[in-house]
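> After the structure tokens below, expect a handful of questions from me.
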Amino acid sequence: MIVRVLGEGQYDVPDDKLEMLNELDQAVESAVETGDTDAFGQALGALLAGVRSAAVPHEAGTLDTSDLILPPADASLEEVRDLLSGDGLIPG
Amino acid sequence: MSLMKRISLVFRSKANRALDKAEDPRETLDYSYQRQLDLLAKVRRGVADVATSRKRVELQVNQLEQQSTKLQGQAEKAISVGREDLAREALTRKSGLSNQISDLKAQHAQLLGEEEKLTLAQQRLQAKVESFRTRKETIKATYTAAEAQTKIGEAMSGIGEEMGDVGLAIQRAEDKTANMQARAGAIDELIASGALDDVSQPGGGDDIARELDALSSGSDVETELAKLKAGSRPEALESGQDGDVLQPESEKSADEGRQ
């Protein structure tokens, strides 16, 4: 499957790695819900590191859409909340 | 639903909403391509803007480091003439500059990071825009307006996602640099006002430099005097052993040869 990390580009992630990424994703999600900035930073870092280590960069010249889109590595908790609400962050 | 899924859905729906719906879908392709070129130009400007900010910070770091070196020199000079109070003042000012310098260096690293990110974003978008152009020409040449719909939808979604990503990258870079530019402006004003220069311009408005100058012009005379005295003394001592100080060099060495 194709995963885009915003600000980095697209990656090809093998399907068998999805379960591992889902676990890492849950940690990010709960940090966003509790508003724990430190935990959020660590969890997001771990999730993106998981993607990068499991994946290879997707071929640059394609027009394929991504199956999953992840926040930029240096995103703040507020930015991720904005991304989730669809307000402001994504230029229309 | 997982965080990744939720972000993906929001992002994609927003990217798709941004796509224009033209009467003939093939016109949409040309319109979108134009917007892609506009975005590419915008990223290039973004890269150039960030580079300009980075160079400005580099220049400021250099200027402040020069001031810092001068203050260090002043402190050393003050100590050599026994004025610990002046040395302390110079070092205090130097430590104030050091904080600013390390702050600027951190900004510099951040700007460099933004510059690299935007440069890579530009390359990625460039590759996608190039594919889109090829795809667009193929679609227009091969399909009727009715047939083209699906193909166009695919191409548009793919490029739309990339454009959303790049647009976000530009916006974030702008937000980050705007704050830094305000601070850089404040430091430029400080440098231009002479508040920093004065500290180390000899004879300028700087009190440390003025006092050191006064001290050193006084002590220079003393030093010269001491040198003269010291210069005559060793020979005077030698004269006790070797005879007349005023004896010409040639004769003196001849005397030494004889001994």
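The values are calculated or read from the model by the stated rules, or taken from the named source; none is laboratory data. Note that the structure is a prediction, hence the values are computed from the model and not measured. A quick note on method: Cβ atoms are made from the backbone with ideal geometry, for glycine too, and the neighbour counts reach across all protein chains shown.
> Is at least one residue of segment A:55-77 surrounded by fewer than 16 Cβ atoms within 10 Å (Cβ to Cβ), part of a helix (DSSP H, G or I), at negative phi and over 11 Å from the mean Cα position of the chain (by Cα)?
No; the residues of segment A:55-77 include none that is surrounded by fewer than 16 Cβ atoms within 10 Å (Cβ to Cβ), part of a helix (DSSP H, G or I), at negative phi and over 11 Å from the mean Cα position of the chain (by Cα).
> Consider segment B:130-181. How many of its residues are more than 8 Å from every other protein chain (Cβ to nearest Cβ) and of a type in the set (Gly, Ala, Ser)?
Residues that pass the stated criteria total 8.
> Taking segment A:33-65 only, how many residues are more than 10 Å from chain B (Cβ to nearest Cβ), touching a helix residue (DSSP H, G or I) at 6+ places or on another chain (Cβ under 7 Å) and polar (S, T, N, Q)?
Summing the residues that are more than 10 Å from chain B (Cβ to nearest Cβ), touching a helix residue (DSSP H, G or I) at 6+ places or on another chain (Cβ under 7 Å) and polar (S, T, N, Q) in segment A:33-65 gives 1.
> Being of a type in the set (Lys, Arg) and within 14 Å of chain A (Cβ to nearest Cβ) is the requirement here; does B:Lys5 meet it?
Judged against the criteria, B:Lys5 is a match.
> If I go through segment A:33-50 residue by residue, how many of them are assigned to a helix (DSSP H, G or I) and surrounded by fewer than 20 Cβ atoms within 10 Å (Cβ to Cβ)?
Summing the residues that are assigned to a helix (DSSP H, G or I) and surrounded by fewer than 20 Cβ atoms within 10 Å (Cβ to Cβ) in segment A:33-50 gives 11.
> Select from segment B:72-107 the residues that are more than 22 Å from B:Ala184 (Cβ to Cβ) and either in contact with a Ser or Thr (Cβ under 6 Å, 6 or more places away or on another chain) or not in a helix (DSSP H, G or I) (or both) and list them in ascending order.
Residues satisfying the conditions are B:Val81, B:Gly82, B:Arg83.
> Just a yes or no: is a residue in segment B:195-210 within 24 Å of B:His108 (Cβ to Cβ) and either modelled with pLDDT of 75 or more or part of a helix (DSSP H, G or I) (or both)?
Yes; the residues of segment B:195-210 include at least one that is within 24 Å of B:His108 (Cβ to Cβ) and either modelled with pLDDT of 75 or more or part of a helix (DSSP H, G or I) (or both).
> Sticking with this structure for a sec: Out of the residues in segment B:117-128 meeting the condition of being of a type in the set (A, V, I, L, M, F, W, C) and surrounded by 21 or more Cβ atoms within 10 Å (Cβ to Cβ), tell me which one is nearest to the other protein chains (Cβ to nearest Cβ).
The qualifying residue nearest to the other protein chains (Cβ to nearest Cβ) is B:Ala121.
> Out of all the residues in segment A:3-23, which are more than 10 Å from the chain's Cα centre (by Cα) and more than 27 Å from B:Glu115 (Cβ to Cβ)?
A:Asp12, A:Val13, A:Pro14, A:Asp15, A:Asp16, A:Lys17, A:Leu18, A:Glu19, A:Met20, A:Asn22, A:Glu23
> Ok, one more. What tally of residues in segment B:86-108 results from selecting those that are β-branched (Val, Ile, Thr) and surrounded by 15 or more Cβ atoms within 10 Å (Cβ to Cβ)?
Of all residues in segment B:86-108, those β-branched (Val, Ile, Thr) come to B:92, B:101.
Those still in the list that are surrounded by 15 or more Cβ atoms within 10 Å (Cβ to Cβ) too: B:101.
Here the count works out to 1.
> Looking at A:Glu23, A:Glu78, A:Glu29, A:Glu19, can you tell me which residue is more than 30 Å from B:Phe132 (Cα to Cα) and at the interface with chain B (Cβ under 8 Å from one of its Cβ atoms)?
After ruling out the rest, the residue left standing is A:Glu29.
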